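Before I ask anything, here is the structure I am working with.
The values are calculated or read from the model by the stated rules, or taken from the named source; none is laboratory data. None of the values given here were measured: they were computed from a predicted structure. With ideal geometry, Cβ positions are generated from the backbone for all residues, glycine too; neighbour counts draw on all protein chains shown.
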Amino acid sequence: MENRSPKQALHEAFQKSRLIASVQADEGTPLDDPEVLLRSAKASLQSGAAALRLQGANNIDFIKERTGALVIALIKRKYKDCDPYITPTEKEVDELLHTTCEVIAVDGTLRERPTPIVQLVRRIHYAGRLAMFDCDSIESIDAAIRAGADLIGTTLSGYTENSPKQSAPDLQLLREAAKLGFGKDPTKGPILIAEGRFQDRWQVDAALRIGAFAVTVGGAINDPIKNTGRLMPNPKAISTEKIAAIDVGGTWLRYSRCSPLGILGGPFNNAERMQMPPKREERIAWLVQQIERNKPERIGISSAGVVWDNVVTLSKKFIPENQGTDYNVLREHLSGDDPIGVIALGDGHASAWAHACHPDFAGKDIVVMAIGTGLGFGHVREGKIEMGKHGEYSRLNDLPGPGNKTFEQLLGGAGLTPNPSDEQKEMANRAVEHAIRMVSTFLFPDVVVVCGTVGMQPWLNLELPEQEGWPNVPVARSPFGADAGLYGAAALALYPPETS
């Protein structure tokens, strides 16, 4: 060890920046080589990283000697009947104490382990090193403070049964932890380290503003294996001949095999439809009949209402017995063993996704207004459908429009007569202009697309005049026409979106 203490080394390192680069490789991969890891470490340090998080005694010695960087060290080792695998026993601690690392990271969760964690901390501190606890919950963080940890990370949130599974960093845990009174001086008490699934600059900035002392980033910087997998195009796509599309609308129930050319192959000439049955059992029975006749491996479903985990959790009453419909029952009638099988979303989300997959709109920030029996709404930004945590959609339909009526009452087919009067058309045109201006000024999309049976009517005016001070967002009629819901169902099956 150098003459300076680990705490002094920690303090000096973070004068440079508040970013820790985790430079690790899974065993047996092409990256699992000290020289390769050294080059990654040097690149991170040269680009501004303040410290390194390294795994394995040999790698630590090799990289530490050639960079002189502050090192948070760990050894990943699995034991039978032991869930913790980050420096789980005294054996791993002793191996790390033979290196020149300043900090030793251990599993800081409350799970059972071969060696009591307090015993590990005593051993680390007795040797003059600092102890970092990799935690998963506010309870484990609180316990880490009481156990004498010098650094405490949110490292294991999302990776244990006691923490929420999510694809993004657990910033909420970070907020709760920051309230426990962490300091900003590493020489005077424990510091809080944000870690786990950081991918973007804004996430790092947010963590520091919440109260983290520093942020550890691994895969997004130094793991081309993870990044290659993350950027691989649509691994869940499937052959068009093996999918079917179902559109559950306010008037019709429709089923179609997907054409060999996919969702852009023209109209669904093979679509079957029936007037919406009043009973759920009748609807399911008819769909089962179509599925067993065509034998698809995967089906996409566009359904009115809020849909989550393929279940209609909330629905208006213009479709009887729609709320509570569980489309997972259709799985047993599919052919093959496709792991997805059934994918259902609300009709607004599905219609938006269909347009986001179309060449004219792919890559754009797109808002879709599906004006049929009701008024559906969907928004796709950066290739993801914007929705609530459980499939909720933005309820433009229920907001008040002109004349003290909702937009759905003014625009939806259920509120209009089959042959709307001139007065109804005038009110509908006022409503659609008002709705588009609202959407444009709140969301600033690249384009607003209108679809659905009412949305495609030539009397509905979508050529809005420019208005000073308001965004001039282009408005387009859908290339899918009145079939946007069916195309949406096909798009869900062909290109399953991320929904969490």
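Of the residues in the range 163-174, how many are touching a helix residue (DSSP H, G or I) at 6+ places or on another chain (Cβ under 9 Å) and surrounded by 14 or more Cβ atoms within 10 Å (Cβ to Cβ)?
Total satisfying the criteria: 5.
In the set 433, 463, 468, which member is surrounded by fewer than 18 Cβ atoms within 10 Å (Cβ to Cβ), out of contact with any Ser or Thr (no Cβ under 6 Å at 6 or more places or on another chain) and either touching a residue at least 12 places away in the same chain (Cβ under 8 Å) or under 24 Å from residue 242 (Cα atoms) (or both)?
Checking each option against the conditions leaves just 463.
Read through the list (1) loosely packed, with under 15 Cβ neighbours inside 10 Å; (2) under 33 Å from the mean Cα position of the chain (by Cα), then give the number of the only condition that residue 488 fails.
The number of the failed condition is (1).
Would you tally the residues in the range 270-280 being surrounded by fewer than 15 Cβ atoms within 10 Å (Cβ to Cβ) and either modelled with pLDDT of 95 or more or among the basic types (Lys, Arg) (or both)?
Final tally of qualifying residues: 1.
Step by step: first the residues of the range 404-419, then only those that are out of contact with any Phe, Trp or Tyr (no Cβ under 8 Å at 6 or more places or on another chain) and assigned to a loop (DSSP other than H, G, I, E, B), then the one that is farthest from residue 454 (Cα to Cα). Which residue is that? Write out each step before concluding.
Within the range 404-419, the first condition is being out of contact with any Phe, Trp or Tyr (no Cβ under 8 Å at 6 or more places or on another chain), and the residues that meet it are 404-413, 415-419.
The next check asks that each one be assigned to a loop (DSSP other than H, G, I, E, B); those that pass are 405, 412-413, 415-419.
Values: 405: 17, 412: 7, 413: 7, 415: 11, 416: 9, 417: 11, 418: 10, 419: 11 Å.
Taking the candidates together, the pick is 405.
State the number of residues belonging to the range 301-324 that are buried (at least 18 other Cβ atoms within 10 Å of the Cβ) and in a loop (DSSP other than H, G, I, E, B).
6
So, one more: Of the conditions (1) in contact with a strand residue (DSSP E or B) (Cβ under 6 Å, 6 or more places away or on another chain); (2) free of Cβ contacts under 8 Å to residues at least 40 places away in the same chain; (3) hydrophobic (A, V, I, L, M, F, W, C), residue 60 clears all except one; give me its number.
(2)
Counting residues that are touching a His at 6+ places or on another chain (Cβ under 9 Å), which helices (runs of 4 or more DSSP H) fully inside the range 85-160 reach at least 3?
Details: elements: 90-97, 117-126, 138-147.
Because the criterion is at least 3 residues that are touching a His at 6+ places or on another chain (Cβ under 9 Å), no helices (runs of 4 or more DSSP H) in the range 85-160 meet it.
Further question: Suppose we filter 73, 25, 21 for residues that are assigned to a strand (DSSP E or B) and within 26 Å of residue 114 (Cα to Cα); which single one remains?
Going through 73, 25, 21 in turn, just one is assigned to a strand (DSSP E or B) and within 26 Å of residue 114 (Cα to Cα): 73.
Here is a follow-up. Against the definition (farther than 25 Å from residue 139 by Cβ, among the aliphatic types (A, V, I, L, M) and touching a Cys at 6+ places or on another chain (Cβ under 8 Å)), how does residue 221 come out, yes or no? Even if it seems obvious, please write down each step before you answer.
Details: farther than 25 Å from residue 139 by Cβ: yes; among the aliphatic types (A, V, I, L, M): yes; touching a Cys at 6+ places or on another chain (Cβ under 8 Å): no.
So residue 221 fails the test.
Return the only residue of 372, 383, 403, 413 being of a type in the set (Gly, Ala, Ser) and either under 17 Å from residue 344 (Cβ atoms) or surrounded by 24 or more Cβ atoms within 10 Å (Cβ to Cβ) (or both).
Every option except 372 fails the conditions.
Given (1) in contact with a Pro (Cβ under 9 Å, 6 or more places away or on another chain); (2) small (Gly, Ala, Ser); (3) part of a loop (DSSP other than H, G, I, E, B), identify the lone condition not met by residue 455.
Single failed check for residue 455: (1).
Can you name every residue in the range 177-230 that is touching a residue at least 60 places away in the same chain (Cβ under 8 Å) and acidic (Asp, Glu)?
Listed by number, the residues that qualify are 185, 195, 223.
Name the pairs: first residue in the range 1-26 and of a type in the set (Val, Ile, Thr) and crowded, with 16+ Cβ neighbours inside 10 Å, second residue at pLDDT below 90 and part of a helix (DSSP H, G or I), Cβ to Cβ under 6 Å, at least 6 apart or on different chains?
What qualifies is 23/222.
When you scan the range 441-449, do you find a residue that is in a strand (DSSP E or B), buried (at least 19 other Cβ atoms within 10 Å of the Cβ) and in the same structural domain as residue 425 (by TED's automatic domain parsing), even just one?
yes
Just the residues that are among the small types (Gly, Ala, Ser) and either surrounded by 14 or more Cβ atoms within 10 Å (Cβ to Cβ) or at pLDDT 95 or above (or both), please, taken from the range 386-400.
Across the range 386-400, the qualifying residues are 391, 394.
Being hydrophobic (A, V, I, L, M, F, W, C), within 21 Å of residue 94 (Cα to Cα), modelled with pLDDT of 95 or more and buried (at least 20 other Cβ atoms within 10 Å of the Cβ) is the requirement here; does residue 54 meet it? Write out each step before concluding.
Working: hydrophobic (A, V, I, L, M, F, W, C): yes; within 21 Å of residue 94 (Cα to Cα): yes; modelled with pLDDT of 95 or more: yes; buried (at least 20 other Cβ atoms within 10 Å of the Cβ): yes.
For residue 54, the condition - hydrophobic (A, V, I, L, M, F, W, C), within 21 Å of residue 94 (Cα to Cα), modelled with pLDDT of 95 or more and buried (at least 20 other Cβ atoms within 10 Å of the Cβ) - is met.
Also, quick follow-up: Could you grab me the full set of residues in the range 77-109 that are closer than 22 Å to residue 21 by Cβ, touching a residue at least 40 places away in the same chain (Cβ under 8 Å) and not acidic (Asp, Glu)?
86, 99, 100, 101, 103, 105, 108
Residue by residue, here is whether (1) over 23 Å from the mean Cα position of the chain (by Cα); (2) assigned by TED's automatic domain parsing to the domain that holds residue 484; (3) modelled with pLDDT under 95; (4) at negative phi holds:
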{"site": "326", "(1), (2), (3), (4)": "yes, yes, no, yes"}
{"site": "335", "(1), (2), (3), (4)": "yes, yes, yes, yes"}
{"site": "342", "(1), (2), (3), (4)": "no, yes, no, yes"}
{"site": "347", "(1), (2), (3), (4)": "no, yes, yes, yes"}
{"site": "360", "(1), (2), (3), (4)": "yes, yes, yes, yes"}
{"site": "365", "(1), (2), (3), (4)": "no, yes, no, yes"}
{"site": "372", "(1), (2), (3), (4)": "yes, yes, yes, yes"}
{"site": "384", "(1), (2), (3), (4)": "no, yes, yes, yes"}
